[in-house]
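Supplied in structure tokens, the structure appears directly below.
The values are calculated or read from the model by the stated rules, or taken from the named source; none is laboratory data. Being a predicted model, the structure only gives us computed values, none of them experimental. Every residue, glycine among them, receives a Cβ derived from its backbone with ideal geometry; neighbour counts consider all protein chains shown. In case anyone asks, the SASA skips ligands and DNA or RNA and just uses the protein heavy atoms, side chains included. Shrake-Rupley method; radii C 1.70, N 1.55, O 1.52, S 1.80 Å.
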Amino acid sequence: MDRIVIRGGRRLTGAIPISGAKNAALPLMAACLLTDQPLVLSNVPAVADIASMANLLAELGVDVARQDAADYGQTLTLTAREVKDITAPYDLVRKMRASVLVLGPLLARCGHARVSLPGGCAIGTRPVDQHLKALSELGATIRLDSGYIEAAAPAGLVGTTITFPFVTVTGTENILMAACLARGETVLHNAAREPEVVDLATCLVAMGAQIDGIGSDTLRIIGVDRLRGAAHEVLPDRIETGTYAVAAAITGGDVELLGARADLISSVMDSLAAAGVAVTPTNRGLRVALKNGPVQGIDVMTEPFPGFPTDMQAQMMALMTIAGGAAMITETVFENRFMHVPELCRMGANINVHGASAIVRGVPGLKGAPVMATDLRASVSLVLAGLAASGETVVNRVYHLDRGYERIEAKLVGCGADIERFRERRDD
Ligand code: UD1
């Protein structure tokens, strides 16, 4: 298992290119199952989760053609001329929960689908009950059998009104895709408004879907008989943007994030501004620099979009560990999303967790240590802490980082970080 070694204390300066959004690309890839024509997706990040989804689609009979871009990213041409298999097997779903995104499209196109239940996950139980409930409201019969979701709608799905009891991102995406091929009108109330949902809906419209209310919490979909192929460029990754913004801030640096879009991260920009970090638009993206003096402690609460994203919570906490004063960080989207806390404390942070809130009392500096984390964003928060810490930080279990960050060391080294990957053949 690879390790990353960081010798901290270097101020980051320069430019970092922002990749396409993994969490937009995953549902967009699943959307290829809705048509027998090619779906061409550009600006897809070259990360492990995308490779997992490509493997799953190939298993189902999708022809996957890949073309690497010059430096970062790739273009995928996905053609599901015929769906040969309707089973998403345990081994692939276990690796990545987002595999459940093939459920809606398979059911809508083929009339049945068999998808392994994702099971537990490091950040809370994360069930898919709302996906299943909504699909049954569209007329599907759902059975759970030997760890698999068996969904059937042999006569096709039928549009209806669905109200999600809380916001679910992949739940909204799954049902949105299914509803595009259902008979009649589907109305989704309390739909997720995340930019990744907007990106998916925009691509579905290019494929011939009829969707109203894109970007709002009420989506109206009129089902069509068939969808066609399309070409779509994946939007920039707002979480990668926020992560590198914190990298600049935590090192007292000055970094331009190329291709980043302010409208996707306004809540993060507001929090950073309150903490004393200036994020200003440039003609190539966004520039991030400390205003004057050290970062100040601020309170942050995670919420569905347009609120502060849960996927930025661990990174913001890393920044708060060295802030002047205290910060309260409250996680409302997931239970059990504070696994980075004990690791940050091993680096000298002062954090106390009380239920869904963590009180972070800023310390003058962190000290490098061997650390590891059990999910993607927790892992990257340790890399950020390592950039600011004195001495050497060794981040183990790097495969979590590789799931969602494209060539993270290359991007950071390009701005002057001292960070290196050591490849190892055996798992520890
Ligand atoms: C997506 C993102 C993930 C992000 C999350 C919240 C992808 C591939 N992943 O995950 O990075 O952290 O949104 O912004 O886009 N829930 C249920 N039942 C369900 C569905 C969800 O109880 O059927 C709960 C979850 O446990 C969680 C909350 O709802 O507490 C929100 O989860 P959800 O928005 O569905 O997250 P994902 O779509 O899995």
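Which number do you get for Rg(Cα) / (2.2 N^0.38 Å) in region 210-313?
My calculation over the Cα atoms of region 210-313 gives 1.34.
Right, next: Only Lys, Arg, Asp and Glu count, each charged at its Cβ (+1, +1, -1, -1), so figure out the dipole size of region 43-90 about its Cα centre, rounded to 20 debye.
Numbers: 3 positive and 7 negative charges, 19 e Å.
With only Lys, Arg, Asp and Glu charged at Cβ, the dipole is about 100 debye.
Taking a probe of 1.4 Å, how large is the accessible area per residue of the chain, in Å²?
38 Å²
Work out how much length Ser42 to His112 would gain on full extension: take 0.36 nm times their residue separation and subtract the Cα-Cα distance, in nm to one decimal.
22.2 nm
I've got another one for you. Between Lys84 and Leu144, what is the FRET efficiency for a Förster distance of 22 Å, r being their Cβ-Cβ separation, to the nearest 0.05?
0.35
Right, something else. Convert each backbone phi in region 353-361 into a coupling constant with the Karplus relation 6.51 cos²θ - 1.76 cosθ + 1.60 (shift: θ = phi - 60°), then list the ³J(HN,Hα) values in order as whole Hz, x for Gly and Pro.
For region 353-361, the Karplus curve yields 9, 10, x, 8, 10, 10, 9, 10, 9 Hz.
Got a number for carbon plus sulfur as a percent of the chain's accessible area, 1.4 Å probe?
Numbers: 8060 of 16370 Å².
In the chain, the share of accessible area belonging to carbon and sulfur is 49 percent.
Among Asp375, Asp49, Asp270, which one moves the most in a GNM of the chain with springs linking Cα atoms closer than 10 Å?
Asp270
Over the Cα atoms of the chain, Rg to Rh with Kirkwood Rh, two decimal places?
Rg divided by Rh gives 0.98.
Here's another thing I want to ask about it. Bin all alpha-carbon pair distances of region 249-395 at 10 Å intervals from 0 and give each bin's fraction as a whole percent.
Once binned at 10 Å, the Cα pair distances of region 249-395 give 12, 43, 37, 8, 0.
So, how do all the Cα-to-Cα distances of region 386-428 break down into 5 Å bins, in percent, from 0 on up?
Answer for region 386-428: a P(r) of 5, 18, 27, 28, 16, 5, 0 percent.
Given Ala231, Gln296, Met53, which one lies farthest toward the positive end of the charge dipole of the chain, if we put +1 on the Cβ of every Lys and Arg and -1 on the Cβ of every Asp and Glu?
Gln296
Along region 281-288, what does the Karplus equation 6.51 cos²θ - 1.76 cosθ + 1.60 (θ = phi - 60°) give for ³J(HN,Hα), rounded to whole Hz, x for Gly and Pro?
Listing the rounded values in order: x, 10, 6, 10, x, 9, 10, 10 Hz.
Pull up all non-local amide H partners of Leu366: gap of 5 or more, or a different chain, and H-to-H distance under 5 Å with H placed in the peptide plane.
Those qualifying (amide H under 5 Å, at least 5 residues apart or on another chain) are Ser390.
With label points built 7 Å along Cα→Cβ from the Cα atoms of Asn190 and Asn352, find their separation and express it in nm.
3.4 nm
Per 0.36 nm of contour for each residue apart, how much would the distance between Lys291 and Ala51 grow if the chain were fully extended, relative to their Cα-Cα spacing?
Taking 0.36 nm per residue and subtracting the Cα distance, the gain is 82.4 nm.
Explain nothing, just compute: Karplus ³J(HN,Hα) = 6.51 cos²θ - 1.76 cosθ + 1.60, θ = phi - 60°, for every residue of region 324-336 in order, whole Hz, x for Gly and Pro.
Here the 3J(HN,Hα) series is x, x, 10, 9, 10, 10, 10, 9, 10, 8, 10, 7, 6 Hz.
What share of the DSSP beta bridges in the chain is antiparallel, in percent to the nearest 5?
Of all bridge pairs located within the chain, approximately 70 percent are antiparallel.
Using the alpha-carbon centroid of each, what span in Å lies between region 39-73 and region 159-213?
23 Å
Moving on to the next point. Which far-off residues, 5 or more places away or on another chain, put their amide H under 5 Å from the one on Ile149, with H placed in the peptide plane?
Result for Ile149 returns Val115, Ser116, Leu117.
Within region 179-249, which trypsin sites (Lys or Arg not before Pro) sit in a loop by DSSP and count at most 16 neighbouring Cβ atoms inside 10 Å?
Qualifying residues, ordered by number: Arg226, Arg228.
Ok, one more. Hey, could you pull the Cα Rg and Dmax for region 349-417, both in Å?
Here Rg and the maximum Cα pair distance are 13.2, 39 Å.
Can you list residues from other chains, or at least 5 along the same chain, whose modelled amide H is less than 5 Å from the amide H of Phe308?
Result for Phe308 returns Glu303.
When N is the residue count of region 286-370, what does its C-alpha Rg come to as a fraction of 2.2 N^0.38 Å?
So the Cα radius of gyration is 1.08 times the expected 2.2 N^0.38 Å.
Another one. Would you mind getting me the FRET efficiency between Ser216 and Arg361? Use the beta-carbon distance for r and R0 = 30 Å, nearest 0.05.
The formula returns an efficiency of 0.15 here.
Ok, one more. Taking the Cα centre of the chain as the origin and placing charges on Cβ (Lys, Arg +1; Asp, Glu -1), which of Ala24, Gly9, Val64 is farthest toward the positive end of the dipole?
Going by the Cα projections, it comes out as Gly9.
For Asp91 and Lys133, calculate 0.36 nm times their separation in residues minus their Cα-Cα distance, and state this gained length in nm to one decimal.
Value of the extension gain: 12.7 nm.
Here's something else I'd like to know. So what's the Cα pair-distance distribution over region 132-188, bin width 10 Å, in %?
24, 55, 21, 1
Turning to a different aspect of this structure: When the dipole is taken about the Cα centre of the chain, and only Lys, Arg (+1) and Asp, Glu (-1) are charged at their Cβ, what size is it in debye, to the nearest 20?
That gives a dipole near 560 debye.
Given q = 0.20 Å⁻¹, what are the Debye log10 I(q)/I(0) values for region 157-226, with equal point scatterers placed on the Cα positions and solvent ignored?
-0.68
Students often get this wrong: which residues of region 91-115 have the backbone nitrogen under 19 Å from the point 7 angstrom along Cα-to-C-beta of Asp63?
none
Going through region 147-255, which chymotrypsin sites (Phe, Trp or Tyr not before Pro) have at most 11 other Cβ atoms within 10 Å and a DSSP loop state?
Here the chymotrypsin sites (Phe, Trp or Tyr not before Pro) that fit, given the DSSP loop and packing criteria, are Phe166.
Let me ask something else. Between Gly416, Gly159, Gly20, find the one with the highest GNM mean-square fluctuation for the chain; connect C-alpha pairs within less than 10 Å.
Sorting by GNM fluctuation, first place goes to Gly416.
So which lysines can Lys95 reach, going by Cα to Cα under 20 Å and dropping same-chain residues fewer than 8 places off?
Within reach: Lys22.
What number comes out for the charge environment of Leu387, summing +1 per Lys or Arg and -1 per Asp or Glu over other residues with Cβ under 11 Å away? Present the calculation step by step, with values, prior to reporting the outcome.
On the way: positive: Arg7, Arg10, Arg11; negative: Asp418.
Net of charged neighbours comes to +2.
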